[in-house]
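Okay, structure first, notes after.
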Amino acid sequence: MSLKQTVKNKIKAHRQKKWSKDFDLQINQKEKKLYQSLISQDKSRMVLPMQEKMIRQYSMDVLGSLDFVPGLKSYTAYSREFKEGWIPNNYYGRVVLPSIKGDFCCIDNLKTHSKRLLQTDLIPDLAYCLAGDFMLTDGTKVCENELERILFEVNDFVFLKKNNSMRGYGVIKLDREKFKNCDLNSFGDFVIQSALTQHQFFENIVSGSIATLRVTTVKAKGVLTKNRLSSLRVGRYGDEFIRDTTTLVVGVSPNGFLSENALGENWEMYPAHPDTGYVFKDQQIPFFELAEKVCEDLHDKLGLTGIIGWDICITPNGSVQILEWNAQYPGINYSEALVGPNFNGLGWENLWK
């Protein structure tokens, strides 16, 4: 190896080490706050000395660093016990994802192309804006006035989603009047989707926003894709759609049952929805197996990335509609605590070696 290449490799290694350190610091600050939030709600959730010892040993011997202790402590505090197989959020972000997500993970940002990439009619797209041109899903170009007529002939309102939007950011609800008065060209490239009606099961939890079932599928080499992690995101009164700051996350077991608690942004625990009183424990999501199968089949057909988080709406007749999909950083933190460990048998604990 040349001296020049050796220097380049050392610089690259130094940068990677610094990035990892900064990443761990950022994640662990959040994990420590989550732990404090849990024990402030319930002192009995404090991690015991024997559990702390198990956590530190597992973090060092299995995952290769004590930097993963804070994440494992927050999981343990919620579960009241330590479970081998957990994947802490910073290990997932800096060890697992770079190894499995593939070179094409960023394509999920292109909401204007999802329907064509996935080759499915299960996405409620109505129209697109691409480079200033308005077009329907079949590629037919239309003017703004014609687009307005087509959209609101059968829809009272629609949702505009910008490319690169996620977690409720970059999403706008538009009725005909708002559509007329907004400057569509100021949004860049975007998709317009129809409003959906959700199954009564989700309407009973809270109305006003569509509850989204998150199905996280993993494609390992040489085997069919499998759903490994599921959760349900529900809104609060007044939400028009799921927002990152107000959403509650409920864990979902492998057979579709809701977890005992929902967690808020700072892991506030809710055994019942704070606005409606709906009790989560032991409620089973309808058509859950169908939603899993749809996502697994689409992931197998796409085949470009190792992990995808699918945000699903289940309609009154049991059909599945795909609202969004995330191949860059589909989160696991809530569900690892609520219903995990979810990734046993994949060998992820060895990826650092």
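The values are calculated or read from the model by the stated rules, or taken from the named source; none is laboratory data. Being a predicted model, the structure only gives us computed values, none of them experimental. Note that each Cβ is placed from the backbone with ideal geometry, even for glycine, and that neighbours are counted across all protein chains shown. Accessible surface areas use protein heavy atoms only, side chains included; no ligands, DNA or RNA. Shrake-Rupley method; radii C 1.70, N 1.55, O 1.52, S 1.80 Å.
So how do 330-341, 147-158, 188-199 stack up, highest first, on mean other-Cβ count within 10 Å? Don't skip to the end; give the middle numbers.
Details: 330-341: 23.3, 147-158: 15.0, 188-199: 18.3.
So the peptides 330-341, 147-158, 188-199, ranked by packing, come out 330-341, 188-199, 147-158.
What does the highest-first list of 345-353, 177-185 look like by mean Cβ count within 10 Å?
345-353, 177-185
Using Cα-Cα distances under 8 Å and only pairs 6 or more residues apart, what relative contact order does segment 200-245 have, in percent? Could the numbers behind the result be given before it?
Details: 65 pairs, mean separation 19.2, N = 46.
The value is 42 percent.
Among the listed pairs Lys115/Lys161; Lys73/Lys281; Lys101/Lys161; Lys226/Lys301, which have their C-alpha atoms separated by more than 21 angstrom in this model? Display every interim value, and only then the final one.
Details: Lys115/Lys161 14 Å; Lys73/Lys281 24 Å; Lys101/Lys161 24 Å; Lys226/Lys301 13 Å.
In this structure, Lys73/Lys281; Lys101/Lys161 lie more than 21 Å apart at Cα.
Give the shape of segment 117-245 as rounded, prolate or oblate, defined through the alpha-carbon gyration tensor: a ≥ b ≥ c are the square roots of its eigenvalues, a/c under 1.5 means rounded, and otherwise the shape is prolate if a/b is larger than b/c and oblate if not.
oblate
Provide the gained length on full extension for the span Thr276 to Gln41, in nm with one decimal, where the gain is 0.36 nm per separating residue minus the Cα-Cα distance.
82.5 nm
Relative to the longest principal Cα axis of the chain, at what angle does helix 3-41 sit, 0 to 90 degrees, rounded to 10?
Helix 3-41 sits at roughly 80 degrees to that axis.
Extension gain Glu265-Cys182, at 0.36 nm per residue separation less the Cα-Cα distance, in nm?
Going from the current span to full extension adds 26.7 nm.
If a paramagnetic tag sat 7 Å from the Cα of Lys30 along the Cα-Cβ line, which residues of segment 54-76 would have the backbone N under 19 Å from that point?
67-76
Counting Lys and Arg as +1 and Asp and Glu as -1, each charge on the Cβ, what is the dipole of segment 136-285 about the Cα centre in debye, to the nearest 20?
So the dipole magnitude of segment 136-285 works out to roughly 740 debye.
Please compute, over every Cα-Cα pair in the chain, the percentage with a separation greater than 29 angstrom.
Numbers: 28137 of 62128 pairs.
Value for the chain (Cα pairs over 29 Å): 45 percent.
With all protein chains present and a 1.4 Å probe, how do Phe23, Phe257, Phe287 order by accessible area, largest first? Walk me through the intermediate numbers first.
Numbers: Phe23 30, Phe257 70, Phe287 95 Å².
Most to least solvent-accessible, the answer reads Phe287, Phe257, Phe23.
So what are the radius of gyration and Dmax for the Cα set of segment 204-353, in Å?
For segment 204-353, the Cα radius of gyration and maximum Cα-Cα distance read 15.2, 48 Å.
Mind checking the full-extension length gain between Lys18 and Lys173? Use 0.36 nm per residue of separation minus the Cα-Cα distance, one decimal, nm.
Numbers: separation 155, 0.36 × 155 = 55.80 nm, distance 4.12 nm.
Going from the current span to full extension adds 51.7 nm.
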